[in-house]
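**Student:** If you scroll down you'll find the structure; I have some questions about it.
Every read-out reported here was derived from the displayed coordinates using simple, explicitly stated rules and does not represent laboratory data. Because the structure is predicted, anything quoted here is derived from the model rather than measured. Here the Cβ positions follow ideal geometry from the backbone for every residue, glycine too, while neighbour counts run over all protein chains shown.
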């Protein structure tokens, strides 16, 4: 066996071991809550023409892991999320029990619309691999700030 073949084989074994670890390791999170805060001054900045982006277009939650959306209004003015009016300093908890896509009107969002996608619990090894990969890829597209928070 040539040196290149041995290196390729070692890399393949390492990749398979890594994939196996990702697939077989149970998914754990610190809290079932996914918290988003509306910072103080958001409304004033938006009225001044600043394109404030505090929430992504789509929020992703996972049943049994992070399936409670928490919004905190730290701004000086009320904000609406769906049918709920969040007064300054108020928090709103919304637990989800079904995997689905939920559209909401949201005054804190630049477009006025926000979608919450609730994914099923990743039960099988391949579902855990796919779930982790989706989370990592979303974090990379968002600038990497959330990459290691899962």
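**Student:** Please sort 107-119, 65-77 by packing, taking for each peptide the average over its residues of neighbouring beta carbons within 10 angstrom, highest first.
**Tutor:** Put in order of decreasing packing, that is 65-77, 107-119.
**Student:** Looking at region 29-121, I'd like the Rg to Rh ratio, where Rg is from alpha-carbon atoms and Rh is Kirkwood's inverse mean 1/r.
**Tutor:** On the way: Rg = 13.3 Å, Rh = 13.6 Å.
Result for region 29-121 is an Rg/Rh of 0.98.
**Student:** Stretch residue 2-residue 91 to full length: gain in nm at 0.36 nm per residue minus the Cα-Cα span?
**Tutor:** Details: separation 89, 0.36 × 89 = 32.04 nm, distance 6.30 nm.
Extending this stretch completely gives an extra 25.7 nm.
**Student:** Explain nothing, just the number: relative contact order of region 29-121, from Cα pairs under 8 Å at least 6 residues apart, as a whole percent.
**Tutor:** 32
**Student:** Using the basic label-point model (7 angstrom from Cα toward the beta carbon), what is the residue 13 to residue 100 distance in nanometres?
**Tutor:** Label at residue 13, label at residue 100, 5.0 nm between them.
**Student:** Can I ask one more? Report the gain in length on full extension from residue 54 to residue 140: 0.36 nm times residue separation, minus Cα-Cα distance, nm rounded to one decimal. Could you put the intermediate results ahead of the total?
**Tutor:** Values: separation 86, 0.36 × 86 = 30.96 nm, distance 1.73 nm.
Difference between extended and current length: 29.2 nm.
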